[in-house]
Every structure is written in C-alpha cells, then in structure tokens.
Amino acid sequence: MNHKENDLVLPGEILCTYEEYIPSSWTYVEEGFIKASINGRIQINKKEKTISVSSINAPDSLKIDDYVVGHITEVKQNKALVTIKMIKGKNRDLITGYKGYIHISKANEDYISSLHDLFKIGDIVEAKVINIYGPEYIDLSTSQKDTGVIKAMCVNCRKFMKLVDGKLVCECGKVDSRNISSNYGGF
C-alpha cells in the first residue's frame, strides 16, 4: 500500500495493488494497480476490503431512485438505449458516461408491442433509475407520470416538435406520438 487512510491524492496516483483492496468510489484499476480518478482523501473500509477517494466537490454519482435526463441513441423492439447526461435537480453533468436501457415492460403502464411506438432516436427523455448493474447497464423506467419523452425529435427534419392538443407536431408538417412526459417541453 502506497498510502494510508485520509492521505490526499491526485488523479492517476497509485493507491495500492489490486490484490490488497477492492476498488470503490472514484477509483479505477490499471495494470494491476488501483488509482485515484479524482483528487481527494483516501477512505478505506477494512470490513469490506474496499478503497475509495472522497472529495468535497466530487460530481454526483448515480443512485437507485434518481431521476435522470438523457437522449435516446438506439431503439429496438424490446428496449431503448439511453445515454444519461445528468441527474434531475443537480447542477452538474455526470462525469462518467452512463448508458441506460428502458425495457418494454418498464416503458409504459399500458401494453405495447414495440418501443418504436414510444421512442425515436434523438428524443430527450426523463427516466427513473430502477437498478444499476454498472456504468454501461443502468435499468431505467418511464412508466411514471412525470417520466418519458420531454423533447421529441422529428424523424423527417430532425427538429424538435411542439405538443399541440396531445399530439406532437413539427413545423415540417409531421404529426407523431411518443411516450410523452407530463413535463414535456420543460427541459
């Protein structure tokens, strides 16, 4: 171990070998060493054998039950891929690129046969974090009233659409529907 608990460390600094502790918050493994990913103080949990870095000004990390905002990057029949950009109500963007998935069973309370009816690539969505399996697989839900599409992108001209009498209307004349949030246009 190169450091002891509460030592000040800088990003990229080696904390210990991978065999000594399990990496936790704001650490990463490179070439068999656990390194700090932000500047802060070392925290060691001897019971769980984890090592982490804590900082007063660290960006927020994602937690279950957080509401997040992101954009749709891929839509398949049973799931939609979301690149998560921020936690709703927080002033800072997320530091790491989280990828989330909305499964068809968590997209809407009603029965739907395909997610192509609810989401399109480029749509900005608000979703609730249901489970976190890692930064590349966050389970999201848009079945709550205040979640869903908050800005819809036209599939013809790629401009954002306006909500008129419950329908999405684009200036190019395209009329469409989505899983619209009660917060539509409020982003």
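What follows draws every value from the coordinates through simple rules; no lab data is involved. Predicted model only: the values in this text are computed from it and were never measured. Ideal geometry is used to build each Cβ from the backbone, glycine not excepted, and the neighbour counts take in all protein chains shown.
Mind checking the dipole of the stretch 8-54: about its Cα centre, +1 per Lys or Arg Cβ, -1 per Asp or Glu Cβ, Debye to the nearest 20? It would help to have the intermediate numbers written out before the result.
Numbers: 5 positive and 6 negative charges, 55 e Å.
Here the size comes out at about 260 debye.
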- Query: If one computes the Cα centroid of the stretch 140-187 and of the stretch 3-43, what distance in Å separates the two points?
  - Reply: 44
- Message: Net charge around Arg178, counting only other residues with Cβ within less than 13 Å of its Cβ (Lys, Arg = +1; Asp, Glu = -1)?
- Response: +1
- Message: Suppose a student asked you for the relative contact order of the stretch 67-176, using Cα pairs under 8 Å spaced at least 6 residues apart; what percent would you report?
- Response: 23
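Sum up the charges of everything whose Cβ sits under 14 Å from the Cβ of Lys46, counting Lys and Arg as +1 and Asp and Glu as -1, but leave Lys46 out. Please list the in-between numbers first.
Details: positive: Lys4, Lys47, Lys49; negative: Glu5, Glu20, Glu48.
Within the 14 Å Cβ shell, the charges total 0.
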- Task: Among (1) -0.29, -0.76, -1.39; (2) -0.43, -0.79, -1.06; (3) -0.30, -0.75, -1.23, find the value of log10 I(q)/I(0) by the Debye sum over Cα atoms at q = 0.09, 0.14, 0.18 Å⁻¹ that was calculated from the structure presented, and write down its label.
- Result: (2)
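Just need the relative contact order of the chain here, percent rounded to a whole number, with Cα pairs under 8 Å and 6+ apart.
On the way: 437 pairs, mean separation 26.3, N = 187.
In percent, rounded to a whole number, it is 14.
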- Item | Residues of type aspartates and glutamates that Lys88 reaches as a straight line, Cα spacing below 15 Å, ignoring anything fewer than 8 places off in the same chain | Asp60, Asp65, Asp66, Glu126, Asp146
- Under a straight-distance cross-link criterion of Cα-Cα below 12 Å, which aspartates and glutamates are reachable from Lys159, leaving out those fewer than 8 residues away in the same chain? Asp123, Glu171
